[in-house]
Amino acid sequence: PRRLTGSQLTPVQIAEQERLHNIVLENLAVLIADGMPLEYLIGLDEFGAHLFPQGAWKWERKGAQHVESLVKRDKRQYTGDLVINAAGEIIILEQIFMGKTKACLPSKEIRDQFPQFQFNYSHNHWANHHTKVALMKRIYSWVITHYSHVNQCSEKEAQAQKPTCAVLLDCWPVNLTEIFRDEVKEHCPGMILFFIAAGATGLYQV
């Protein structure tokens, strides 16, 4: 896969995106036909959000000439990453806060109330290699737990089986590095990475 910088796509490029995506779909169809459950077909994507999001409306004095948005002042943001599967389940919701230690995260008491959440941090609240590898490990841990429950075996036995799961990613630079793919292969041996065609995430991704 190659990353595509912002540009106006030509009909030829659009056709190439469709061709590449069809290859992905064909490979996924083979995995499903070979027995991979839909629960293990997984998609995810990052999004940015304000800590206190504001709507398009705001209370103001009647007759006020200027109604200023609070969003521009609120610089406190986090990166979210919604992880879902083809069975329609939300597996994990990641939140990445800005900071250098766990002190920037919500309190442990709060975190414990949301076991489906993955709380992480980075120096600028953006996803990076460290946060992405941690998320891949969490996803595969979920697969192992689900597999052991369905097949009534221990998680150790499930790990030995190396259950197959497919994860759809975009062509974001962190996802494309060799070290990222190597670490996923090491820590998530049954995980197969597929990539949405560059520049086509708005059309084909979650």
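Per residue, the average separation of C-alpha pairs within less than 8 Å and at least 6 apart gives the chain a relative contact order of 25 percent.
Among the listed pairs LYS156/LYS185; LYS100/LYS156; LYS100/LYS137, a Cα-Cα separation exceeding 27 Å is found for LYS100/LYS156. Maximal additional length on extending the LEU82-ILE14 stretch stands at 21.8 nm, based on 0.36 nm per residue less the C-alpha distance.
In this structure the amide hydrogen of ILE192, modeled in the peptide plane, comes within under 5 Å of the amide hydrogens of CYS165, ALA166, VAL167, none closer than 5 places in sequence on its chain.
Among ILE144, ILE14, ILE96, which one moves the most in a GNM of the chain with springs linking Cα atoms closer than 10 Å? Sorting by GNM fluctuation, first place goes to ILE14. Only helices reaching 20 angstrom along their own axis (Cα) with mean Kyte-Doolittle hydropathy no lower than 0.0 count here, and for the DSSP H runs of the chain these are 11-33. Specify which residue in the list LEU82, ASN120, LEU41 is farthest towards the positive end of the charge dipole of the chain, using unit charges on the beta carbon of Lys, Arg (+1) and Asp, Glu (-1), about the Cα centre. It is ASN120. Taking the helices alone, the chain has a mean residue ellipticity at 222 nm of -11000 deg cm²/dmol, built from -39,500 (n - 2.57) per DSSP H run of at least 4 residues and averaged over all its residues.
Amide hydrogen proximity for ASP45: with H placed 1.01 Å from N in the peptide plane, the residues at 5 or more positions away or on another chain lying under 5 Å are LEU82. The stretch between GLN116 and ASN128 holds 2.3 nm of extra length on full extension. This uses 0.36 nm per residue minus the Cα-Cα distance. If you average 1/r over every pair of different alpha-carbon atoms in segment 167-206 and take one over that average, what Kirkwood value in Å do you get? Its Kirkwood hydrodynamic radius stands at 10.8 Å.
Applying both filters, DSSP loop and at most 14 other Cβ atoms within 10 Å, to the GluC sites (Glu not before Pro) of segment 87-148 gives GLU89. Could you check what % of the DSSP bridge pairs in the chain are antiparallel, to the nearest 5? About 50 percent, rounded to the nearest 5.
log₁₀ I(q)/I(0) of the chain at q = 0.07, 0.13, 0.17, 0.18 Å⁻¹, via Debye over equal Cα point scatterers, no solvent, to two decimals? With one equal scatterer per Cα and no solvent, log10 I(q)/I(0) is -0.28, -0.85, -1.26, -1.34. Per-peptide packing, taken as the mean over residues of other Cβ atoms within 10 Å, places 123-134, 170-181 in the sequence 123-134, 170-181 from highest down.
Values quoted throughout were computed directly from the atomic coordinates according to the rules given, and no laboratory measurement underlies them. Given the structure is predicted, the values throughout are model-derived calculations rather than measurements. Ideal geometry is used to build each Cβ from the backbone, glycine not excepted, and the neighbour counts take in all protein chains shown.
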